[in-house]
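Okay, structure first, notes after.
The values are calculated or read from the model by the stated rules, or taken from the named source; none is laboratory data. Computed from a predicted model, the values in this text were never measured in an experiment. Ideal geometry is used to build each Cβ from the backbone, glycine not excepted, and the neighbour counts take in all protein chains shown. Remember, those area values only see protein heavy atoms, side chains included, never the ligands or the DNA or RNA. Shrake-Rupley method; radii C 1.70, N 1.55, O 1.52, S 1.80 Å.
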Amino acid sequence: MSYGPRAVRTALLSGLLIALFSGAAPSFAQTPAPGAAEAAPDSPGDAADPTPSDAADEGEPAGDEQTSADPAPAVADDIGDAGDATASASTGDIDDADAPGAGAVGQPASPEAAAAAAVSAEGEEAAGNEGDVDDEAPEFWSAFAFGSYGRVVAASDLMGGTGRDADIVAFDPRIDEGTYLELELRREDQWAFMQSKIVATLAIGGPLFHFDGDFDEVLAIRNLYLELIDVAAPGVSIWAGSRMWRGDDMYLLDTWPLDNLNAVGGGLDYTHDLFQLRSAVALARPNDPFQTQIIDVPPEDGSFTPTDVFILDRPRLVLALKGTYFPFGTGEDHGAKLVLYTEYHSISDGNRQTDDGTVEALPSDDGYVIGAQLGGWLVDDHAFINIFARYARGLGAYDPLGVPFSTGAVISTAAAEETLIALSANYEYDFMGVQVAAYYRRFRDADPSLLERNLLGEGAIDIRPHVWFLDWLGLAVDLSYQALEETGLDVTTDEPVGGEVWKLGILPFISPGGRGTYTRPHLRLIYSATFRDEGARRLYHSADPRASREVEHFIGIGAEWWIDTSSYLGPQLR
Amino acid sequence: MDRYQLIFGAAAALTLSACVHSELDDVRDVEIATHVTDWRDEVIYQLIVDRFADGDPGNNHRVDYTGSLARYQGGDWQGVIDKLPYLEELGVTTIWISPIVLNVDADAGIDGYHGYWQIDLERLNPHFGDLATLRRMINACHDKDIKVVLDIVTNHMGQAFYYDINLNGQPDQNVSGGYPVEHGNPSSGVLRSPVQHVTEYDPDYDGRGIQAFTSLGEAGPAPIRFFDMPDIFRNDPMPAIFQNDWAYNLRGRVVDWNNREQVVYGDFPGGLKDIRTEDPRVRDELVRVFSDWVLRLDLDGFRIDTLKHVEYGFWEDFAPRVRERVAAAGKDNFLLFGEAFDGDDALVGSYTMPGRIDSVFYFPQKFRVFDDVFRREGPTTKVEELFNLRPTNYGTIPQAGGIGVPPTAALVNFIDNHDVSRFLFGAPDDLGPLHAALGYLLTEDGIPCIYYGTEQAFAGGNDPSNREPLWWSGYATDGETFRWVARLTRIRREYEALRRGDFIIRWTTDRVGDEQDAGIVAFERTMPSGAYALIAINTQGRHPSETSASSLGGGSMGVGAPAGSTLVDVLTGERVTVTGAGQLNLLVQPHQTRILVPEADFIDGL
């Protein structure tokens, strides 16, 4: 048995990741470099700072010292594209389960960036309704804030068509994505005994009205919760509601490799100088036949109103626990962290009515996730690295908003498993910067009749160097490789199903906030050329034009921003 | 990162990556081998993949869950894998699976679940799984010594195009056009309006080719226009040769089944477009594409659909070329048997003449024996009459490069199939005739073929009612009919004479009333080695009968077993002795099957 170049390249990709995981991270930890603190992934930053988060920075242009972090913008990919076909259990079918970035103007959006921003914001003038915020902050104050993550793209494929996402893996390079927007409204108050924060985030998926003429956008509520901060003791916070509950992301690959819960529930956090503990309990009941079945029945009392009866109603319960240790504390200009993470998923048994009128019993189900993250940052070098490892089994291998792929008859997820290793890093020096992200993922579906099938391996690596010609003008080049392999045989080649995609993109941009790989907003031109091998083309339906295109172009103009959203404002809030 | 870390990482990564593909190791390389020694040893089980077992809900696209049998029901190749133990318990040694290639998914509210609406001969029907699963299924079958015969169609493609009779560039259900088919020309003097309303999807036969028609009359050959409906796979017939109009005969639907020209050159009803198999380029592609499947899957035989709709010359070209190609890859004894849905014994047998195919689906026997004799309790002399026609109507020498058995001895016998109502249709609880018929099917000469669901006493009417999902039965193995079939296959497996022995009829009768021997058919299976079996079946269910007509002034049945020898009924253990005159008077209960073997060969407990 021989394996083709694709397998070798995929192996090398995963090898790189494993090697880094096995070696690079400890090395990093052992040789902490002194420096600034702004690029701290998941750094607690101003955890104890009573300042109403980064509202203080709203409207403040950021210098490049505020930019080197790993923000977390979201994506709302086209539903039904090749990437969806291979979408992971982690992402399920709901693309907008991805999340937005955040940050004030010129302020980093991700946890890392937020932390960096928090550090850099110390002493700066705070914005908001209450004016200055400093060590002598008033006992009572209120603030109302507006935040947003957004990207808008207009692109052509240079063949008379619309530029489209051209990826084959679940977590694909963030260069040819479509339009997506989040609007956040936030009310914050300092009370006598604690702070409170009410967050509401409205998400809008493209295409927009001005593109398709449909006066009907795709909407979702992504955040709707109340958080109480410094409850009973400093560093203790509690929240309840609907929330994107996340850690560090990989901006370039648009995913959150370790913790990425989208659910309704609540949580209790405690933040200390050297560690942070977070916990959450959440419920999710997607409207699918695995968890929900509602039937209309005639009323029994003679009234005319039909009655909805829940035949199947079994929300998934998710318990999550995350511990982060900061060996050098959280206030330094350099730092490191070790994260341990786990989830437990549980779903009760139930019955559903089949189309032939019989009742099918669904057994209870459960699963778990375990994972770890090692990270470090050097503020002066605007550098950070995060290495992730995650293993999920059973129900835990499926996103709370996702369901087992074969819901027609799959009634147990016991056989499902997912292994993921990932890397995200950033480094900046003077007028240059580079972002890197990579992952390898192995996923086995749960279908009990297919224990030897529906196994896939996939991975991607994306490198994006930047150069700034002026403080506000720069150019990024994005080079990526992605590969997918499945345990299916292609009928025309007798080779395993799968493919490879190379992608080269050029992004000249204007950054009013200044230099920094994570500084936003950006107004950019985008050109991307995607090179598919034969296997990648075969992943598309034969009727899809992409099935016959070796090269796919994507040229257009777009904008991306993250402004003062609360998802990544500081570890105490995550 | 030091070199050890790099080495460790690379090694671990290769392991991770390789373990994805390593799960394909069992299906990456196909080893072609001959799995059959003598096809008469086989018991074929015909199954419609969509109806046999649903092992992979992941491919249940557009599946109907309401029991509407004209729609996809969800069965797949994984289901076959899952249910191989069931087939083993039944005693099946070969499965004949419905077509595997991509079909037009739906047409007029009917689905292509059966596989006879092919649109791409090189791709698989995704409703049934992928190539890996299909190979895994075949490998699993071979591991259990179960052979796999694939159903193929060379006569037609699915409804890939329409005839644009009114030249408006769109398919119309009801347009003016056509002429009385028996004349095909208005100058023939037939007193009928030359204007008929026809459908452009499936117009009636016209020997000149379907003609365009305007308000002023005919306008020359109607152009064809291929559909472009990828959502239901109704586009781009493949291989690409089938995207040319010259690859089709373009004469419209067969309406006169006694007209040989129409039968050969006409479209099959339902708009299935007749392939111009006379064209050598077309023949080359059909040989290539179907031989390729053998070599890619290690198939053991073809069941060929609609034999009589293709000219003899095609079979004389196709059959030897396929045999030659697969033999070159190491596959001998590759079975080619076909379906000529006709009661005309000479016509059916004609496809087995030298240079053609190895065997045919024995439709004349289905009509004259299983229906007339076993189902309707007609005279058993029909068995003998039909048998006596065999040397005349069927090939008597093995095909060159074929299965090594003359067609006369290798006919594929069946009680019912997917194109006719089931044997029990109309009398679902009357198992006696069915069991008697099964007794004959599994002891007569030739190759028995059992239609799936027979063992579960399914009783569906005509298509699609006769294509019930087998899971409706719960795959029960304790039913009376299942156990009867399983027992008969065990007995057939143990006694070589029942598989390979010559067929000698010892008793038939035209008496169907209260007579002593009414309903009796008795025959021997003998081999030069001395292997011997005597079978007697009472095909009627009203009274016991005997292999004797002594009450009518006749004698008892003469047998080939030595005078004075003892025979044992392998089903009951009863012993009988051949008289000194070499006769045997057997009492056979209503619908009973008796299988007697020499005492020395008796195996107890079967």
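Just a few scattered comments:
- Hits in segment A:369-400 (condition: touching a Ser or Thr at 6+ places or on another chain (Cβ under 7 Å) and open to solvent by 20 Å² or more (accessible area, probe 1.4 Å)): A:ILE370, A:HIS382, A:TYR391
- B:GLY401 meets each of the listed conditions (1) surrounded by fewer than 24 Cβ atoms within 10 Å (Cβ to Cβ); (2) touching a residue at least 40 places away in the same chain (Cβ under 8 Å); (3) on the phi < 0 side of the Ramachandran plot; (4) outside any helix (DSSP H, G or I) apart from (3).
- Pair list, Cβ under 9 Å, 6 or more apart: segment A:340-359 residue in a loop (DSSP other than H, G, I, E, B), other residue basic (Lys, Arg): A:SER348/A:ARG314; A:ASP349/A:ARG314
- Qualifying residue in segment B:285-300 (condition: within 17 Å of B:TYR162 (Cβ to Cβ), in contact (Cβ under 8 Å) with a residue 12 or more places away in the chain and among the small types (Gly, Ala, Ser)): no
- Only one entry of A:ARG524, A:ARG442, A:ARG464, A:ARG520 meets the criterion of being open to solvent by 10 Å² or more (accessible area, probe 1.4 Å), of a type in the set (D, E, K, R) and out of contact with any Ser or Thr (no Cβ under 6 Å at 6 or more places or on another chain), and that entry is A:ARG524.
- Residue in segment B:201-213 that is open to solvent by 50 Å² or more (accessible area, probe 1.4 Å), without any contact (Cβ under 8 Å) to a residue 12 or more places away in the chain and not in a helix (DSSP H, G or I) present: no
- Residue count for segment A:219-244, restricted to those that are out of contact with any helix residue (DSSP H, G or I) (no Cβ under 8 Å at 6 or more places or on another chain), surrounded by fewer than 24 Cβ atoms within 10 Å (Cβ to Cβ) and under 25 Å from A:PRO286 (Cβ atoms): 9
- Here the condition is being open to solvent by 70 Å² or more (accessible area, probe 1.4 Å) and either under 24 Å from B:PHE370 (Cα atoms) or of a type outside the set (Phe, Trp, Tyr) (or both); of B:GLN583, B:GLN589, B:GLN540, it holds for B:GLN589 alone.
- Some residue of segment A:330-348 being surrounded by 13 or more Cβ atoms within 10 Å (Cβ to Cβ), acidic (Asp, Glu) and within 14 Å of chain B (Cβ to nearest Cβ): no
- Of all the criteria given as (1) at pLDDT 95 or above; (2) under 29 Å from A:PHE431 (Cα atoms), the one not satisfied by A:GLY516 is (1).
- Hey, A:ASP273 open to solvent by less than 30 Å² (accessible area, probe 1.4 Å) and either in contact with a Pro (Cβ under 9 Å, 6 or more places away or on another chain) or closer than 30 Å to A:GLY433 by Cβ (or both) or not: no
- Considering residues of segment B:96-152 that are open to solvent by less than 20 Å² (accessible area, probe 1.4 Å) and of a type in the set (Ser, Thr, Tyr) only, the residue nearest to B:GLY74 (Cα to Cα): B:TYR113
- Top-ranked residue in segment B:46-95 [being among the aromatic types (Phe, Trp, Tyr) and either within 13 Å of chain A (Cβ to nearest Cβ) or open to solvent by 10 Å² or more (accessible area, probe 1.4 Å) (or both); ranked as nearest to B:ASN466 (Cα to Cα)]: B:TYR72
- Any pair with Cβ under 6 angstrom, 6 or more apart, that starts in segment A:445-465 at a residue that is modelled with pLDDT of 95 or more and ends at one that is among the polar types (S, T, N, Q): A:GLY459/A:THR10; A:GLY459/A:SER14; A:ALA460/A:GLN482; A:ASP462/A:SER480; A:ARG464/A:GLN435
- Residue check for B:ASP478: touching a His at 6+ places or on another chain (Cβ under 8 Å), open to solvent by 10 Å² or more (accessible area, probe 1.4 Å) and closer than 30 Å to B:VAL80 by Cα: no
- Counting only residues that are of a type outside the set (S, T, N, Q), in a loop (DSSP other than H, G, I, E, B) and over 22 Å from the mean Cα position of the chain (by Cα), segment A:511-532 holds 4 of them.
- Cβ pairs under 9 Å, 6+ apart, first in segment B:16-45 and within 9 Å of chain A (Cβ to nearest Cβ) and assigned to a helix (DSSP H, G or I), second open to solvent by 50 Å² or more (accessible area, probe 1.4 Å) and at pLDDT 95 or above: B:ASP26/B:ASN139; B:VAL27/B:ASN139
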